[in-house]
Amino acid sequence: MKTPHTVLLRKYLEVEEDGGNIIAFKEAGDELIGFVVRGEKYSWYEAFLRPIGFLYRHYLELELKYWIRKLNEEPSKQVKRLLTKHDLRNLWLALKPLIQPFCGTNGDQKILSEVEEVILTFHEYDPTGQEFRYTRTTKDTATLGKLPPRIDVKLVKCSVARVYDFFNGLSGVVEV
């Protein structure tokens, strides 16, 4: 019998084709934020910002791809091609119509909008999955130019946690 707990555990242990563990990227970002917030490494705020952003962005990408795979029994060539890309916006646009039927109440729709905002914000700052990884592009221009000068990492952590909670809840509703 599948319970939300067994579905979550299976997802936690599932290794994606690229070798990444979905939840591990989120939890690693949480740990780095813990260092910054507790002051253990606060002087390294700037140094930790990129790894935190990368870990959370990669978590979001893997989460979206997980659900697209699970909700597309026979994915089209277009979906298969999308799954090889790193575009959070297009991944979200492909997934959203698949999960909307499971979000019937106004509260669910509000949470869905919040999840969308987090995903699209990460996409805005890092549309290719390379901005948090590198300080310069292949054309030698600075990355992350759109980021504000200071980011509330606790708020970022809470926002990503809301996304995690949403998908965790979804795994209790959707038969995967």
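Condition (residue is β-branched (Val, Ile, Thr) and farther than 17 Å from Arg50 by Cβ) applied to the range 149-164: is it met by at least one residue? Within the range 149-164, one or more residues are β-branched (Val, Ile, Thr) and farther than 17 Å from Arg50 by Cβ.
Restricting the first member to the range 97-108 and to residues that are in contact (Cβ under 8 Å) with a residue 24 or more places away in the chain, and the second to residues that are part of a helix (DSSP H, G or I) and surrounded by 10 or more Cβ atoms within 10 Å (Cβ to Cβ), the beta-carbon pairs closer than 6 Å and six or more apart or on different chains are Leu98/Leu71; Phe102/Val173. So which residues in the range 143-176 are out of contact with any Ser or Thr (no Cβ under 8 Å at 6 or more places or on another chain), more than 21 Å from Val36 (Cα to Cα) and in a loop (DSSP other than H, G, I, E, B)? Scanning the range 143-176 gives Gly145, Lys146, Val174, Glu175, Val176. If the condition is being within 14 Å of Val174 (Cβ to Cβ) and either modelled with pLDDT of 95 or more or in contact with a Pro (Cβ under 7 Å, 6 or more places away or on another chain) (or both), then the range 69-95 contributes only Leu95.
Scoring Asp30 on the criteria (1) touching an Asp or Glu at 6+ places or on another chain (Cβ under 8 Å); (2) part of a helix (DSSP H, G or I); (3) in contact (Cβ under 8 Å) with a residue 40 or more places away in the chain leaves a single failure, condition (1).
Is one or more of the residues making up the range 129-142 in a loop (DSSP other than H, G, I, E, B) and in contact with a His (Cβ under 6 Å, 6 or more places away or on another chain)?
Among the residues of the range 129-142, at least one is in a loop (DSSP other than H, G, I, E, B) and in contact with a His (Cβ under 6 Å, 6 or more places away or on another chain), which makes the answer yes.
Taking the range 45-105 as the region of interest, none of the helices (runs of 4 or more DSSP H) fully inside it holds 2 or more residues being over 25 Å from Tyr125 (Cα atoms), touching a Ser or Thr at 6+ places or on another chain (Cβ under 9 Å) and among the aromatic types (Phe, Trp, Tyr).
Annotation note: Cβ proximity below 9 Å between a residue of the range 126-151 that is on the phi > 0 side of the Ramachandran plot and surrounded by 15 or more Cβ atoms within 10 Å (Cβ to Cβ) and a residue that is in a loop (DSSP other than H, G, I, E, B) and not aromatic (Phe, Trp, Tyr) (sequence gap 6+ or interchain) occurs for Gly129/Lys85; Gly129/His86; Gly129/Asp87.
The values are calculated or read from the model by the stated rules, or taken from the named source; none is laboratory data. Keep in mind it's a predicted model, so treat the numbers as computed, not measured. Positions of Cβ are backbone-derived with ideal geometry, glycine not excepted, and every protein chain shown enters the neighbour counts.
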